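Undergrad: Mind looking over this structure? Questions follow.
The values are calculated or read from the model by the stated rules, or taken from the named source; none is laboratory data. Here the structure is a predicted model, which is why all the values come from computation and not from measurement. Cβ: placed from backbone, ideal geometry, glycine included. Neighbour counts: every protein chain shown. SASA here: full protein model, heavy atoms, side chains in, ligands and nucleic acids out. Shrake-Rupley method; radii C 1.70, N 1.55, O 1.52, S 1.80 Å.
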Amino acid sequence: MQDPPAITRRHLLGGSLALLGAAASGCAIPVGLGSSQTRVKYWHFLGASDGIIMNQMVGAFARDNPGVFVEENVLAWGEPYYTKIAMAGAGGRSPDVATFHLARLAGIGAGEILDPINVDLLAEVGLRAADFSPPIWERAHYQGTLYAVPFDAHPMVQYYNTDLCGRAGLLGADGKLRPTTGADQLLEQLRKAKEVLGGKPPLVFDALGLGTVGPWRVWYSLYPQSGGTLLSEDGGQVTIDDQKALEALRFMRRLGEEGLCDPTTDYGASVAKFTNSEAAFLWNGDWEVTGLKERKTPFSMTRFPSVFGSGAAQADCHVFVLPHQRDRDPEVERATYQFIAYLVKNSADWAVAGHVPSYLPALQEPDYLALQPQSEYRSVITDVALDPQVWYTGSASRLWIEFGGAFSPVISGERTPEEGLANAKAALSRLMSAPNPFPAEER
């Protein structure tokens, strides 16, 4: 008779995703008067499975560190969150630590609304630059100063239906999708899947809808693969290479023209079609893994296809930042770094919901490597296509929405690639000339 399997914290985290209850609120009970605990105030915007896992990790920290109390507060995702961070930081009455999107770093007052990371305290808790993905660690700096501690990357990935791809002969002997190199191999793979689906489009992604960002995320996975950039390092000059940009747009147009992708799906419809085995492939961020498992879709995941050279994929990252405070309590500050280090060092737990740890040692942990399919695309962590460091980029940003709107009609054939690129460049020019809505404040 076999012994029962060992129950690890990672198993508990994974199993907790279906248990919403009190954990889903993410709000901790305040420390009582007279408590000897050090209180750390933590703000984040993480919801759904992300929020549940973070709540569990905060609870695990509390059990392992009884002298520190983390007051966890969950705020609305998107612009409302960053507006509240900006207001709190400008007033110097902010939380001790907050979760942030890395692409938002430059736009929201690094040095004014956000305080620099104390590299000496970071070293005290055992976090070193060499332990992080180099491109992400570099981007966590602004004008040479470290303002964020990287936590993960959530890249564009390729989900594939194992049943449909198996019937199309696209899986290797190991049951995994055979990788493709170049446009021709990918197109041939999609055509075989289309045959199995009786002529229906085999690929879905967020291609249409009000405020759609899917076309931007697909294009910014394809275009950087050939070395294309958007802006100069200082953000002052447009550096778009028209030839490379159009090559990516023409490929996206070809997907729609040949019926290899569905240009009429919005975000929800694309996920639903893949979930219901009406499509063989889904291009999306890595965060749909939990829902697909819960709904028992036969699927796996791999890196976004290499079409134009490198295997780069559009990505943003979750990081930890220190919103500005006029006077930091030294005891609370040390406890804050202790908390950040705990989350980072245990980021393999965080990977249950799909994100790739940016802390490189976590990628070698046996428990992480055993996560399927989450560990299948881990190598992208050093090959991420990150947004330029300007205020109008990042998740829920105007750039994503403007470029998504410019490129969506290209996929459907309503606009030529040349027209789509012209509209995107015009939008970029408008954004460059617009004032930053989060101006620096006088301290």
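Undergrad: So which residues in region 361-386 are open to solvent by 50 Å² or more (accessible area, probe 1.4 Å), part of a helix (DSSP H, G or I) and either more than 20 Å from MET301 (Cβ to Cβ) or in contact with a helix residue (DSSP H, G or I) (Cβ under 8 Å, 6 or more places away or on another chain) (or both)?
TA: Result: PRO361, ASP367, LEU369, ARG378, THR382.
Undergrad: Right, something else. Quick test for you: out of SER375, SER395, pick the one residue that is at pLDDT 95 or above, closer than 30 Å to VAL125 by Cβ and of a type in the set (S, T, N, Q).
TA: SER375
Undergrad: Here is a follow-up. Hey, can you tell me all the residues within region 237-281 that are part of a helix (DSSP H, G or I), farther than 14 Å from LEU421 by Cβ, touching a Phe, Trp or Tyr at 6+ places or on another chain (Cβ under 7 Å) and not aromatic (Phe, Trp, Tyr)? Give the derivation first.
TA: Kept after step one, since they are part of a helix (DSSP H, G or I), are these residues of region 237-281: 242-257, 267-275.
Of the ones still in play, those that are also farther than 14 Å from LEU421 by Cβ are 254-257, 267-275.
Keeping just the survivors that are touching a Phe, Trp or Tyr at 6+ places or on another chain (Cβ under 7 Å) gives 270, 274.
Result: SER270, single match.
Undergrad: Kindly indicate whether GLN338 is closer than 21 Å to VAL384 by Cα and not in a loop (DSSP other than H, G, I, E, B). Explain how you work it out, then say what you get.
TA: On the way: closer than 21 Å to VAL384 by Cα: no; not in a loop (DSSP other than H, G, I, E, B): yes.
Judged against the criteria, GLN338 is not a match.
Undergrad: With respect to SER395, determine if the residue is touching a residue at least 12 places away in the same chain (Cβ under 8 Å), among the hydroxyl-bearing types (Ser, Thr, Tyr) and either within 30 Å of SER36 (Cα to Cα) or in contact with a helix residue (DSSP H, G or I) (Cβ under 8 Å, 6 or more places away or on another chain) (or both).
TA: Here the answer is yes, as SER395 does meet what is asked.
Undergrad: Among the residues of region 192-218, what is the count of those that are open to solvent by 20 Å² or more (accessible area, probe 1.4 Å) and assigned to a helix (DSSP H, G or I)?
TA: 4
Undergrad: Looking at region 178-189 only, could you name the residues that are touching a residue at least 24 places away in the same chain (Cβ under 8 Å) and either buried (at least 23 other Cβ atoms within 10 Å of the Cβ) or β-branched (Val, Ile, Thr) (or both)?
TA: Keep residues of region 178-189 that are touching a residue at least 24 places away in the same chain (Cβ under 8 Å), which gives 179-183, 186-187.
Scanning region 178-189 gives THR180, THR181.
Undergrad: If you don't mind, there's one more thing I want to ask. Could we say that PRO224 is assigned to a helix (DSSP H, G or I), in contact (Cβ under 8 Å) with a residue 40 or more places away in the chain, within 24 Å of TYR377 (Cβ to Cβ) and out of contact with any Asp or Glu (no Cβ under 9 Å at 6 or more places or on another chain) here?
TA: Yes, satisfied.
Undergrad: Something else: Confirm whether TRP283 is surrounded by fewer than 19 Cβ atoms within 10 Å (Cβ to Cβ) and within 21 Å of the chain's Cα centre (by Cα). Working first, answer last.
TA: Working: surrounded by fewer than 19 Cβ atoms within 10 Å (Cβ to Cβ): no; within 21 Å of the chain's Cα centre (by Cα): yes.
Spelling it out, it is not the case that TRP283 is surrounded by fewer than 19 Cβ atoms within 10 Å (Cβ to Cβ) and within 21 Å of the chain's Cα centre (by Cα).
Undergrad: Okay, next question. Looking at ASP152 and the list (1) touching a helix residue (DSSP H, G or I) at 6+ places or on another chain (Cβ under 9 Å); (2) acidic (Asp, Glu); (3) surrounded by fewer than 23 Cβ atoms within 10 Å (Cβ to Cβ), which single condition is not satisfied?
TA: Exception for ASP152: condition (3).
Undergrad: Separate question: From the list ASP115, ASP131, pick out the single residue that is touching a strand residue (DSSP E or B) at 6+ places or on another chain (Cβ under 9 Å), among the acidic types (Asp, Glu), crowded, with 17+ Cβ neighbours inside 10 Å and touching a residue at least 60 places away in the same chain (Cβ under 8 Å).
TA: On the way: ASP131 fails: crowded, with 17+ Cβ neighbours inside 10 Å.
From the options ASP115, ASP131, the qualifying one is ASP115.
Undergrad: Among the listed residues SER221, SER226, which satisfies the condition of being of a type in the set (Gly, Ala, Ser) and open to solvent by 20 Å² or more (accessible area, probe 1.4 Å)?
TA: Numbers: SER221 fails: open to solvent by 20 Å² or more (accessible area, probe 1.4 Å).
It is SER226.
Undergrad: Additional query: Quick one: would you say GLY291 is open to solvent by less than 40 Å² (accessible area, probe 1.4 Å), in a loop (DSSP other than H, G, I, E, B) and in contact (Cβ under 8 Å) with a residue 24 or more places away in the chain? Walk me through it before giving the result.
TA: Working: open to solvent by less than 40 Å² (accessible area, probe 1.4 Å): yes; in a loop (DSSP other than H, G, I, E, B): no; in contact (Cβ under 8 Å) with a residue 24 or more places away in the chain: yes.
No.
Undergrad: Taking the condition of being among the charged types (D, E, K, R), open to solvent by 20 Å² or more (accessible area, probe 1.4 Å) and within 18 Å of the chain's Cα centre (by Cα), how many residues in region 387-409 meet it? Walk me through how you get there before you give the answer.
TA: Step one: list which residues in region 387-409 are among the charged types (D, E, K, R), which gives 387, 398, 402.
Restricting the remaining residues to those that are open to solvent by 20 Å² or more (accessible area, probe 1.4 Å) gives 398, 402.
Narrowing the set further to residues that are within 18 Å of the chain's Cα centre (by Cα) leaves 398.
Within region 387-409, residues that are among the charged types (D, E, K, R), open to solvent by 20 Å² or more (accessible area, probe 1.4 Å) and within 18 Å of the chain's Cα centre (by Cα) number 1.
Undergrad: Please state which one of GLY89, GLY34, GLY51 is more than 23 Å from ALA351 (Cβ to Cβ), open to solvent by less than 80 Å² (accessible area, probe 1.4 Å) and either in a loop (DSSP other than H, G, I, E, B) or at pLDDT 50 or above (or both).
TA: Details: GLY34 fails: open to solvent by less than 80 Å² (accessible area, probe 1.4 Å); GLY51 fails: more than 23 Å from ALA351 (Cβ to Cβ).
Just one listed residue meets the conditions, GLY89.
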